[in-house]
């Protein structure tokens, strides 16, 4: 296999921290904790929602490993998976797990080793809007599905007013903004609509926006720009990217929940790992219908992709060291502080550490 070179922090247990440190101190990992910094160059690509966290991870990692050069192209989850499967990148990020066909293809790319897909953070997808005079907006799943499917087209619609009895809603057209590129954020958002409002959203979860309506924008930054520059606009994006835009409170049970890392992590606690994808594939099926108090249902688990074997020893050491840093206490804190993500639970970090430790030269 020839490759081209081209979360609010949650305290982690002392035992796990020591475990990660022990892993990082091995000669194979190349971690700077042992005084043996790694070097070389690797490129990755994938989810645009990962950009803020990835930038923080790269900067922090390269401070301790000045001879390492890591780049990441936020082309979107679909593009990231395609490039990784094709062997064009050493690693990749995705906000949606690989499907059955992709898993078969990536198994060939990673042969004679195995494919690795590990969660690296949990993040809320904010429903952001730009409506003059409306500083707070509550929406149920049904009303949101009708807005994004084009059934509700004006902000003063009685259904929106029912969720917002105290709001001064304008007589203004709704402009829905969605991703134009294949996106894990889109797949997670449409998965929420299909689970929480199946009668109002009749489309299957998909990384490609299923309706030929509204305004299409490329990448997370494109969606945010379109919402900001318009009036009466509404769209979806990773919470870390929305800036000063207002965000929707989503109805869960009898309450309306604002997007936050703390609320996002609750959906992970209510969900289960998928089975049968592979020894080192940790993909999760999120339960978006839970009415648990304080849970924010429009959330995603973001994954990193790798292989257990690489032709180059330098490449294997660098990928291994970088991923060891990402899942470490320091890496998780860096992501949380710079991207507003929720760190993965301690119990999960213990499960995925062997996957990172398995990376080696073929």
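Every read-out reported here was derived from the displayed coordinates using simple, explicitly stated rules and does not represent laboratory data. This one's a predicted model, so the numbers in the text were calculated from it and none came from an experiment. Cβ atoms come from the backbone with ideal geometry, glycine included; neighbour counts cover every protein chain shown.
For Kirkwood radius over Cα pairs in Å, the value calculated from this model appears in (1) 24.6; (2) 20.8; (3) 22.3 under label (2). Placing a label point 7 Å from the Cα of residue 360 along the Cα-to-Cβ direction, the residues of the stretch 92-135 whose backbone N falls under 14 Å of that point are 112-114. Modelled this way, with points 7 Å down the Cα-to-C-beta line, the labels at residue 225 and residue 262 are 3.5 nm from one another.
Net length available on complete extension from residue 172 to residue 313 is 44.8 nm, with 0.36 nm assigned per residue and the Cα-Cα distance removed.
Computed over the chain, the per-residue total of -39500 (n - 2.57) for DSSP H runs of n ≥ 4 gives a 222 nm mean residue ellipticity of -11000 deg cm²/dmol, rounded to 500. Counting only Cα atoms, the size of the stretch 125-263 along its three principal axes is 37, 33, 32 Å, in decreasing order.
Take every pair of alpha-carbon atoms less than 8 Å apart whose residues are at least six positions apart; their mean separation over the length of the stretch 125-263 yields a relative contact order of 38 percent.
The label-point distance for residue 244 and residue 269, in a model that sets each label 7 Å from Cα toward Cβ, rounds to 3.5 nm.
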